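Just so it is clear, none of the values below were taken in a lab; they were calculated from the coordinates. Keep in mind that what you see is a predicted model, and the values were worked out from it rather than measured. Here Cβ is always computed from backbone atoms with ideal geometry, including for glycine, and neighbour counts include all displayed protein chains.
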Amino acid sequence: MGTINSALSLIGGALDADQAALSVVANNVANANTPGYTAETPDWQQNAPINANGIQVGDGVTETGATSQRDRVLEERLDQQQQLASSSGSRLTALNSMQALFTPDSGSSSSTAGDIGSDITSFFDSFSSLETNPTDNALREQVLSSASTLAGDISGTANNLNAQGAALDQDASGIVSQVNSLTGALAQLNLQIQSISPHADAGTLEDQRQQDLSQLSQLIGINQVSTENNGLSITTTSGQLLVSQGQNFQLTTGTVSGSTDFFLGSTDITSQLATGGGQLGGDLTARDVDIPGALSSLDQLAYSISTSVNAQNNSGKDLDGATGTVASPLYIFNEPAAVAGSAANMNVIMTDPNQIAAAAAGSGTGDNSNAVAMANLAGQTFVSGQTPINYYSNFVSTLGATVSEVGTENTAQNASVSQLQTQNNALSSVNLNNEAAAMSTLESSYQAASQVFTLLNTIMASALNLGTETAVS
Amino acid sequence: MQELETRPANPELKELVVEASRALARLDATRLEELAVSCQALTRSRDCEDPGEWEFLARQAREAATDWAVFARVLKATRSNLNVMKRLRDLRVGQLEYTERQARGGAGVEGGNGNH
């Protein structure tokens, strides 16, 4: 009698276990399209065997829960690569916008902000034209017109670069609130996971935590450190603590020298965030390295052209016979006081074409020596040891090479992300074929257990009717 | 394979390299092998004595320079990713071994009885 009861209990346990396992499969299927859901597999635990008359008899299994099919190392690697791809992606977007400012409109005869190279050539060519007939008013007007085009394009481009910098600054500031919201959520999830499941996978809570980590990785560069009881500490890539167990540390912003800086507590971590990765890293690199670099080159070009052309014109004699003095210099461009800001402020201040000093001082007003000298400036290496056109060409080439390099990096990093994503999906996403197979197996097992249960029930009834003890071997 | 080697082929090196990067990102070994054969076809179909042919190959190599750089980086990233993938493979193999061990162990303990 006791043995039949044991068998009934064993089969009852099997039915329960199969049913619980079927629930896990059903849950997987229901969440097959849920973003971030990690497939679960049922955990089976063998029950302790019982001793019946000195013989060890198995007592079946119990379904003790479900384990998510995840690998923390893979997820972390994926997050790291995501940070790099996100950083190079946002930097590439900024660089492409920058490069567009220096790319002339194809087929356009009119000057655009991108035609600085042609502007430089046209400006010095206008002096070559003037030297053939230095008293011709139309040719003098042409010099001022080409100077104005050059100055307008350089200052326009500098202003566009400054505007891009401001837009990136605003984007970067906006990221901070998203980061703080995510670190807050992660701290809460840490607490929940630690209290609910300190020693085992926490299922959907861990899925949620992983999703938040993935989002955070797209925004900034982070390191993850597993702590006791399934906890997780998160730092920036340079080691500043963002989340520790159930506590998060808020990023704050402040204006320093006209741009937004980022703080953790009272520590300015802007430069660390720039090199750390994520969208913020890419934005800050573009804002603090790429744009200032381009502006600095443009400033140098504007400064050198303005000061050299002004000095040359000031040394000659204009059509009215005047020469430049300290009080009334014969300047074509506004004279910059320093290199910084020269491009944005470049402007033609000469309004009277007669003031173009085509003649050398001491010569007649019909002389062209100074016009020749100004035309010859085109071939002189007065911009950081290079001719103006070579300097500009080299700058544009360097920018193009940077864009290409970052583009290459980004393409490769995205490929790496997709490679890891494929692996992660193979491990963690719900495979409906596998679930169908598992369901079929579990159903069969359930049916078999039901039939055994029915059989045992019949035997039990027979035994009761007979009134004699019956044993099941 | 033989068919690919002997058939007249004139693949552009640039396209081959771009496709190789894609195949590597997918860890598609079959496609990578096909592309390697295409690369061989590209060089074999050229007359090595003809300077014009060498110039053709050199031009193709120059045009594909950026794509080579991408390929080299994907290769480097894959090398790093492989450590993680190896871990995954071990995990899967471990799961399979566990299942077999459990099956053997279960039969031993329960003697074929009660194993639902």
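Find out how many positive minus negative residues lie around A:GLY254, taking Lys and Arg as positive, Asp and Glu as negative, among other residues whose Cβ is under 14 Å from that of A:GLY254.
Cβ neighbours under 14 Å give a net charge of -3.
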| Assuming R0 = 60 Å, what is the FRET efficiency of B:ASP50 and A:SER462, from their Cβ-Cβ distance, to the nearest 0.05? | 0.05
| Gain on full stretching of the segment that runs from A:ALA322 to A:SER9 - 0.36 nm per residue minus C-alpha separation | 101.0 nm
| Positive-pole candidate from A:GLY231, A:THR365, A:LEU295, dipole of region A:214-367, charges at beta carbon | A:GLY231
| request: State which helices in chain A qualify, where a helix is a whole DSSP H run, it must extend 30 Å or more along its own axis by its Cα atoms, and its mean Kyte-Doolittle hydropathy must be at least 0.5. | output: A:2-30
| said: Among A:ASN159, A:PRO198, A:LEU84, whose Cα projects farthest towards the positive end of the dipole of region A:77-215, with charges put on the beta-carbon of Lys, Arg (+1) and Asp, Glu (-1)? | reply: A:PRO198
| query | To the nearest 20 debye, what charge dipole does chain A have about its Cα centre, counting +1 at the Cβ of each Lys and Arg and -1 at the Cβ of each Asp and Glu? | reply | 280
| request: Just add up the charged neighbours of A:SER306: K/R +1, D/E -1, any other residue whose Cβ is under 11 Å from the Cβ of A:SER306. | output: -2
| query | Per the Cauchy relation, a quarter of the hull surface: what is the mean projected area of the convex hull of the alpha carbons in region A:404-473, in nm²? | reply | 7.2
| task | Could you please tell me the mean projected area of the C-alpha convex hull for region A:176-287, averaged over all directions and given in square nanometres to one decimal? | result | 6.4
| How many percent of the alpha carbon pairs in region A:117-244 exceed a separation of 22 Å? | 60
| query | Could you work out the helix-only [θ] at 222 nm for chain A, with each DSSP H run of four or more residues adding -39,500 (n - 2.57) and the total divided by the number of residues, to the nearest 500 deg cm²/dmol? | reply | -20500 deg cm²/dmol
| Per residue Cα convex hull volume for the protein assembly as shown, in cubic angstrom? | 213
| note | If each part is reduced to its alpha-carbon centroid, region A:14-46 and region A:179-220 end up apart, in Å, by 22
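How much net charge surrounds A:GLY362 when only other residues with a Cβ under 14 Å from its Cβ are counted (Lys, Arg +1; Asp, Glu -1)?
Details: positive: A:LYS317; negative: A:ASP318, A:ASP367.
Once all neighbours under 14 Å are counted, the net charge is -1.
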| request: Set the Förster distance to 25 Å, then compute FRET efficiency between A:THR204 and A:ASN431 from the Cβ-Cβ distance, nearest 0.05. | output: 0.85
| Kirkwood Rh and Cα Rg combined as Rg over Rh, evaluated for region A:373-416 | 1.35
| note | If unit charges are put on Cβ atoms (+1 for Lys and Arg, -1 for Asp and Glu) and the dipole of the protein assembly as shown is taken about its Cα centre, the option from B:GLY52, A:ALA21, A:LEU150 lying farthest towards the positive end turns out to be A:ALA21
| said: For region A:405-472 and region A:63-83, what is the centre-to-centre distance using only Cα atoms, to the nearest Å? | reply: 20
| task | Report the extension gain between A:SER195 and A:THR41 in nm, rounded to one decimal, defined as 0.36 nm multiplied by the number of residues separating them, less their alpha carbon distance. | result | 53.2 nm
| note | When A:ILE4, A:ILE234 are arranged by how many other beta-carbons sit within 10 Å of their Cβ, fewest first, they go A:ILE4, A:ILE234
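Given R₀ = 51 Å, FRET efficiency for A:ARG72-A:THR103 by Cβ-Cβ distance, to 0.05?
0.65
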| task | Could you pull out every residue, at least 5 positions away or on a different chain, whose amide H is within less than 5 Å of the one on A:ASP261? Hs are placed 1.01 Å off N in the peptide plane, and Pro or chain starts have none. | result | A:GLY254, A:THR255, A:VAL256
| request: State the extension gain, in nm to one decimal, for the chain segment bounded by A:SER393 and A:GLU228, taking 0.36 nm per residue of separation less the distance between their alpha-carbons. | output: 53.6 nm
| Rg ratio (alpha-carbon, reference 2.2 N^0.38 Å) - region A:282-400 | 1.24
| In whole Hz, what ³J(HN,Hα) sequence does region B:20-36 give by Karplus (6.51, -1.76, 1.60; θ = phi - 60°), x for Gly and Pro? | 5, 4, 5, 5, 5, 4, 8, 6, 8, 5, 4, 5, 4, 5, 4, 5, 4
